[in-house]
Amino acid sequence: MANSIAQWFADNLQQYIPVELILFIMSISPIMELRGSMIVASILNVNIIKSITICFIANIIPVPFVIIFANKIFQKLKNTRIKKFIIKTEQKVMSKKHIIDKYGFIGLMIITGLILPGMGAWTASIIAGLLKIPPRKAFFPIFIGLILCVVLMTFISYIIPNLIANSI
């Protein structure tokens, strides 16, 4: 699914807004995050350093705010018409809580860094917020996890495809 969404961004937005802004918007969003934006960057032949810089910075920007406000926002939204959606989202995000319980703060790094569905900086930040982990303690493992994610996505989006293309 991420590849098709990434392809849609590449096909439909590039003619209207700069590629850098596309990558920034994708990276800051809770759905695509850095994972999807790095794929789009490689599809659009964005320089690897520029891609890493934009995607990393945009994905880390919302982290402290999500940690601080997630619990308050979720509680307020439970009193609205989207209550069922919020409860379902909260349950889905908190289903990753066992990783925090088992691995402690390294768990936040794992949740952020692994390139699996439902993982990422947003998920880790929401979990930290809902568990009321102080932002100072939660930010560093999420930051390191995002570095791990950048490394993995650089290999997947740039290095491996280049190796394959050069060997053909």
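The values are calculated or read from the model by the stated rules, or taken from the named source; none is laboratory data. Computed from a prediction, not measured in an experiment: that's the story for all the values here. Glycine also receives a Cβ, built like all others from the backbone with ideal geometry; neighbour counts cover every protein chain displayed.
Structure data summary
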| quantity | calculated |
| --- | --- |
| Options Lys132, Lys137: the member that is in contact (Cβ under 8 Å) with a residue 60 or more places away in the chain and surrounded by fewer than 16 Cβ atoms within 10 Å (Cβ to Cβ) | Lys132 |
| Failed criterion for Asn47 (all others in (1) within 19 Å of the chain's Cα centre (by Cα); (2) of a type outside the set (A, V, I, L, M, F, W, C); (3) modelled with pLDDT of 95 or more hold) | (1) |
| Failed criterion for Lys92 (all others in (1) more than 22 Å from Ile144 (Cβ to Cβ); (2) crowded, with 17+ Cβ neighbours inside 10 Å; (3) not assigned by TED's automatic domain parsing to the domain that holds Leu13; (4) not β-branched (Val, Ile, Thr) hold) | (2) |
